[in-house]
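Worksheet: one structure, shown below.
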């Protein structure tokens with residue numbers, strides 16, 4: 001039986017498992033081919049979800065051109081969106097119901 005959260009009673013680490021499964025389903029071989037990026041995407045999701053980090057764009061929405069940190073975050077998001085879209089082109093069309101059929105991240 002999985003360990004449960006004392007605050008809400010839900011099984012611990014279920015969201016972690018589901019998020020990682022989602023990435024693996026829609027970006028095949030991400031963990032094998034891009035392990036650092038795989039960990040960074042999950043770490044960013046976790047930090048945002050647990051309130052440990054905020055995107056600069058959320059803090060300084062009036063700062064259109066942004067700070068160096070915001071530019072880095074924008075580049076990080078764009079690079080990973082490109083990799084995901086390149087590996088799973090159907091994501092770019094808005095179709096998230098079907099997994100990628102063997103896209104290659106190295107292309």
Check whether at least one residue in segment 71-85 is closer than 25 Å to residue 14 by Cβ and either assigned to a helix (DSSP H, G or I) or at pLDDT 85 or above (or both), and report yes or no. yes
Within segment 4-52, which residues are loosely packed, with under 15 Cβ neighbours inside 10 Å, out of contact with any strand residue (DSSP E or B) (no Cβ under 7 Å at 6 or more places or on another chain) and assigned to a loop (DSSP other than H, G, I, E, B)? 5, 6, 7, 8, 9, 13, 50, 51, 52
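The values are calculated or read from the model by the stated rules, or taken from the named source; none is laboratory data. For clarity, every value in this text was computed on a predicted model and none was experimentally measured. In this analysis, Cβ positions are derived from the backbone assuming ideal geometry, glycine residues included, and neighbour counts consider all displayed protein chains.
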